[in-house]
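Let me begin by presenting the structure, written as structure tokens, before commenting on it.
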Amino acid sequence: MHKTYNCIVVFNREKNAALFCKRRNDPYKGLYNFVGGKVELGEDSNKAAYRELQEETGITRKQIRLYRLMDIRYYYQDFDLELYVGKLDDEEVLLREEKNPLLWLPLTEDFTDKGRFAGEQNIAHIMNVAKMYPIPEKNIMQDGLYIGVDGCKGGWATAVLDHGELRLKVYKSIADLVTEYPSFDAFLVDMAIGLRNRPDQKRPDGAARDELRGKAPSVFPIPSRAAVYAKTEEEQKEANLRTLGKSLSKQSRAIISKIRELDEFLNGHPEYKGKILESHPELAFARLNGSVVLSKKKEEPGPSERIHILSEYLDKRDLSDMYDKAKELGCGQDDLIDAICLAVTSALHAHSQSETLPEQPEPDEKGLLMQLTVPIKRI
């Protein structure tokens, strides 16, 4: 059966030394080799590299970002070798050996020495290529766990930036999402948090519409708390008219169940009040772009324009094939793109590069602040 293995070139923070193990067993017993191992059948190659690295050294994805360097196919032996490279983010990392002793070797070593290094001099070639790889410096998208969420037909389209790794998934409920990610550095959702029950209470929706000239209809009127908890459509309309003096639009009625789910979760789990925050993708895109994005998000060139904006913050490879990924997850392409936008905004928020709209929000009757968290305006 055809097999796949990986090897990982790990540089220290200064990039003047590389991590090797000294093999205790054949092949290449007693020789220095890269760390790595077998990619299990059906296992994602990237995840396999991080898994093997952690198992053999104790180094986690929080301490390094790996980049695919090259692949080598060995036809006679019938296996593939996947090569990764990365540089530690910290100067000091406590190594944890699995079975082979680990040590740092300076880049001045003679990696062609067959008496010391495994791989029939392949290591010298791999090291030469690895040293030339332009490993980018760690940025704010890679140093925490940031979540962006957009309501969709199947539940909640979610983008998780976990120390640089972008994960996309649709959760049936907010509770399911938080069960998988009970702690995070920032969490933004495109759904109303904080509900009015009087016309004189102030939500941020009006200010968002004022800023989104040409896209103001993308900010739906938010139903009152009484309307959100009314049972039938007619009761919802009547409750909103009674409390806010307005009826309900079709778009507003369509999101009532999602608003209620989120409101019930936050009031049932007060530890997440003030941690799960409301945002708005169109306003976030406008702030990231420096001007309102007027194209329609569901049809070209809208998706491409928004992906281009996000590519300033994320690897373009992570943003490819959005249509196919959305189809696989059973949501809209625009839902995923909006969720990614809010994950990026979450990272900015965690690094004090966001602001609230309004600047001094007021709480609703349940103590939930009625605000939008958005990137700071570009001048």
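A short reminder: the numbers here are calculations on the coordinates, not readings from a lab. Being a predicted model, the structure only gives us computed values, none of them experimental. Cβ sites come from the backbone with ideal geometry, for glycine too, and all protein chains shown count toward neighbours.
Some points to look at:
- For the stretch 1-78: rounded, prolate or oblate by the Cα gyration tensor [a/c cutoff 1.5]: oblate
- LYS62 paired with ASP110, simple spin-label distance in nm, labels 7 Å along Cα-to-beta-carbon: 4.2
- Across GLN63, GLN201, GLN236, mean-square fluctuation computed from a Gaussian network of the chain (C-alpha pairs under 10 Å connected) peaks at GLN201.
- Residue-span extension gain [GLU98 to LYS246] - 0.36 nm each, minus C-alpha spacing: 46.7 nm
- Cysteines in the chain that lack a partner Cβ within the 4.7 Å cut-off: CYS7, CYS21, CYS341.
- Residue among GLU282, GLU180, GLU55 with the largest mean-square fluctuation in a Gaussian network model of the chain, springs linking Cα atoms under 10 Å: GLU180
- Dipole-positive endmost among GLY58, GLN371, ASN25 within the chain (Cβ charges, Cα centre): GLN371
- Extension reserve of the LYS29-THR232 stretch, reckoned as 0.36 nm per residue once the Cα distance is removed: 65.8 nm
- Across the stretch 210-256, Cα pairs under 8 Å and at least six residues apart give a relative contact order of 34 percent.
- The chain, relative contact order in percent, only Cα pairs under 8 angstrom and at least six apart counted: 16
- The chain: angle of helix 233-244 to the longest principal axis, Cα-based, in degrees nearest 10: 80
- Estimated from the Cβ-Cβ distance and a Förster radius of 51 angstrom, the FRET efficiency linking LYS296 and HIS125 is about 0.55.
- With 0.36 nm allotted per residue and the present C-alpha distance subtracted, the GLU91-ASP78 stretch has 0.8 nm of extension available.
- Contact order, relative form, for the stretch 3-132: 33 percent (alpha carbon pairs under 8 Å, 6 or more residues apart, mean separation divided by residue count).
- Note on the stretch 3-132: Cα Rg divided by 2.2 N^0.38 Å, N the number of residues, gives 0.98.
- For the chain, the Kirkwood radius over C-alpha pairs fed into Stokes-Einstein at 25 °C and 0.890 mPa s yields D = 105 µm² per second.
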